[in-house]
Amino acid sequence: MRALVLLSGGLDSLLAARLLMEQGIEVVGVSFESPFFDAARAAEGAEELGIELVVVDLTDELLDVIEAPKYGFGRNMNPCIDCHALMVRKASELMRKLDASFVATGEVVGQRPKSQMRYGLQAVERESGLKGYLIRPLSAKLLEPTIPEQEGWVDRSRLLGLHGRTRKPQMELAARYGITRYESPAGGCLLTDENYARVARDLRDHEGLNAETIGLLSLGRQFRLSDNARLTVGRNHSENEQLFSLKPPGAFYLKVLGRKGPVGVLTGTPTEDDERLAASVVARYADTGEDDTVTVEVQSGSSSHTVDVAPMSTREVRRLAI
């Protein structure tokens, strides 16, 4: 018997896998990558369990989900129910390819608001197309028996009935199994972070989310210059290098000539006024004085030109900051 277990790197998913392995079931881990989370901690967890890990890139499908999630967002910009359903649906496709019989997750009834309430768990199963073949080993005794349990592939009596936010039973079980490496319960999705969600929402509402520009959101200072123009300004040498490497299609790169300072990346469909605003913001963070007039190089593709501007005032910079 083979099962696919969604691994996040968190303790719950590792325990779900271990409970199935304890019954002699072969487990293959499945994890997902996107601009908002990666599979690094899941890889550590799979290594600790000694199981194979399959990593799936979820970027394109997840960006579509974020545009209009059927079940809405959590506290910030995290469409958790829709995202979990997407993950389980992708796992169901792998299930057939890898000759597995069912999919399991580490979800616990009532542990998280919305996504792990009974309504959320039922929605994930329904939307994923895996009704009857999706098992939650940590809370199985509180849920309707699945086909793997009814058919005797999984011994229901050896599964758990965990409920709520307490972590004590999981910690005790981890100690019993000797599991020591796992991610904290807070998780690692950038969309749950208030500051990141704010700038991501701005991009979605004005320009739309795409794989090329989404990488800018976790870098530098973010400014909304107009409905059609957005500016990202590096905060240090490392971020400047990363901004140069991203190269979103149609982006303008700005740098003050003859002065130490940051790189600015202007995206959208900026006007000449937007371009001057961007140059003035970049000058504000360069090695300049308030009364200076500086020359800013604006480069797009193989063409470039210069703009002479004064550094923007601190008050105006704050007004434009996202």
Output the qualifying pairs, or none if there are none: Cβ atoms under 9 angstrom, residues six or more apart or on different chains, first residue in the range 94-105 and outside any helix (DSSP H, G or I), second residue aromatic (Phe, Trp, Tyr). SER101/TYR133; SER101/TRP153; PHE102/TYR133; PHE102/TRP153; VAL103/TYR133
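Would you mention how many residues in the range 281-310 are touching a residue at least 24 places away in the same chain (Cβ under 8 Å) and touching a strand residue (DSSP E or B) at 6+ places or on another chain (Cβ under 7 Å)?
From the range 281-310, those touching a residue at least 24 places away in the same chain (Cβ under 8 Å) are 281-288, 294-300, 306-307, 309-310; that's our starting set.
Filter again for touching a strand residue (DSSP E or B) at 6+ places or on another chain (Cβ under 7 Å), leaving 281-283, 285-286, 288, 294-300, 306-307, 309.
Counting residues in the range 281-310 that are touching a residue at least 24 places away in the same chain (Cβ under 8 Å) and touching a strand residue (DSSP E or B) at 6+ places or on another chain (Cβ under 7 Å) gives 16.
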Select from the range 228-241 the residues that are surrounded by 17 or more Cβ atoms within 10 Å (Cβ to Cβ) and out of contact with any Asp or Glu (no Cβ under 8 Å at 6 or more places or on another chain) and write down the one among them that is nearest to ARG319 (Cα to Cα). LEU231
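Here is a check on your reading of the model: is GLU61 assigned to a helix (DSSP H, G or I), within 17 Å of VAL5 (Cβ to Cβ) and among the acidic types (Asp, Glu)?
Against the criterion (assigned to a helix (DSSP H, G or I), within 17 Å of VAL5 (Cβ to Cβ) and among the acidic types (Asp, Glu)), GLU61 does not qualify.
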Which numbered condition ALA174 fails, given (1) surrounded by fewer than 16 Cβ atoms within 10 Å (Cβ to Cβ); (2) at pLDDT 90 or above: (1)
Matching residues in the range 254-269 - criterion: being at pLDDT 95 or above, open to solvent by 30 Å² or more (accessible area, probe 1.4 Å) and in contact with a helix residue (DSSP H, G or I) (Cβ under 8 Å, 6 or more places away or on another chain): LYS255
When the residues of the range 1-42 are filtered to those that are part of a helix (DSSP H, G or I) and within 16 Å of the chain's Cα centre (by Cα), which remaining residue is surrounded by the most Cβ atoms within 10 Å (Cβ to Cβ)? ALA42
VAL54: passes all of (1) open to solvent by 20 Å² or more (accessible area, probe 1.4 Å); (2) assigned to a helix (DSSP H, G or I); (3) aliphatic (A, V, I, L, M) but (2)
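The values are calculated or read from the model by the stated rules, or taken from the named source; none is laboratory data. Computed from a prediction, not measured in an experiment: that's the story for all the values here. Here the Cβ is made from the backbone with ideal geometry for all residues, glycine too, and neighbour counts use every protein chain on show. In case anyone asks, the SASA skips ligands and DNA or RNA and just uses the protein heavy atoms, side chains included. Shrake-Rupley method; radii C 1.70, N 1.55, O 1.52, S 1.80 Å.
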